[in-house]
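Notes to accompany the following structure.
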Amino acid sequence: MENEKAAQFFDTLLKAIGAGIMIGIGATVFLASENKVVGALMFTVGLFSICSFGLNLFTGKIGYIVSNKNHPDCLTIWVGNFIGCILTGALVRIARPELHETALKMVNAKLEKSFISVLILSFFCGILMYAAVENFRRHKDTISGIFGVVMCVAVFILSGFEHSIADMCYCVFAVDSASYAGRSILFLLIVTLGNSIGALALRAITEGVIKNKN
């Protein structure tokens, strides 16, 4: 029994690290793109790969934590995502050091936002992420499933909404001191809260609609 739990834990963690790496790749292409629209569209490779290969992304799982009997271990997934982002960010910083300045400018602007602004922006991102993942679950064998992922991700980026895992990557690219790291962690916790509330809110609304129809 203990061996089974350990195996399940490491499977969850490894799939979460893999998801963090994929979002890290998406964040890299966005930072490297001069055109924001192109960068936003290219970023979608991250979530599409995660959905296709069944990897564990916090913002794709948190919406199911209450109503799903086999609810995901979201704390392990969040930590795994962070590890994946750190690995990707650290390696890309070695190979593409010029992206540090781009990320630093972006993250500085994020850290200057008020608590309520960050919470609102992350709330709407949580809604879009749940919509993207649920749409893919329902239509994964059709063009609608792919289109939903691409549109929801592109919209949250171009709207300036805050995504906790993507922001982890940007912070890793940008961090240059212990105090900066501390401010970034606080920011990420607020974004995580907002993403969670948004995903759970849309889950509650849509589940209510479905039940009422039945």
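Computed from the coordinates by the stated procedures, all read-outs in this text should not be read as laboratory data. Small disclaimer: the values here were computed from a predicted structure and weren't measured. In this analysis, Cβ positions are derived from the backbone assuming ideal geometry, glycine residues included, and neighbour counts consider all displayed protein chains.
In a reduced charge model with +1 at each Lys and Arg Cβ and -1 at each Asp and Glu Cβ, region 2-213 shows a dipole moment near 460 debye about its Cα centre.
Placing dummy labels 7 Å off each Cα toward the beta-carbon, the span from residue 66 to residue 180 is 3.8 nm. In plain terms, the bigger the Kirkwood radius, the slower the diffusion; for region 160-199, with that radius from Cα pairs, at 20 °C and 1.002 mPa s, Stokes-Einstein puts D at 207 µm²/s. Taking the number of Cβ atoms within 10 Å of each Cβ as an exposure proxy, the fewest-first ranking of 197, 21 is 197, 21. Modelled this way, with points 7 Å down the Cα-to-C-beta line, the labels at residue 35 and residue 137 are 3.5 nm from one another.
Using only Cα coordinates, the Kirkwood hydrodynamic radius of the chain works out to 17.3 Å. Computed over the chain, relative contact order equals 28 percent, with contacts defined as Cα pairs under 8 Å that lie 6+ residues apart.
Here the gap between residue 75 and residue 206, fully extended at 0.36 nm per residue and compared with their Cα-Cα distance, gives a gain of 44.7 nm. Each peptide in 74-82, 136-144 gets a packing score, the mean of other Cβ atoms within 10 Å over its residues, and the list from highest to lowest is 74-82, 136-144.
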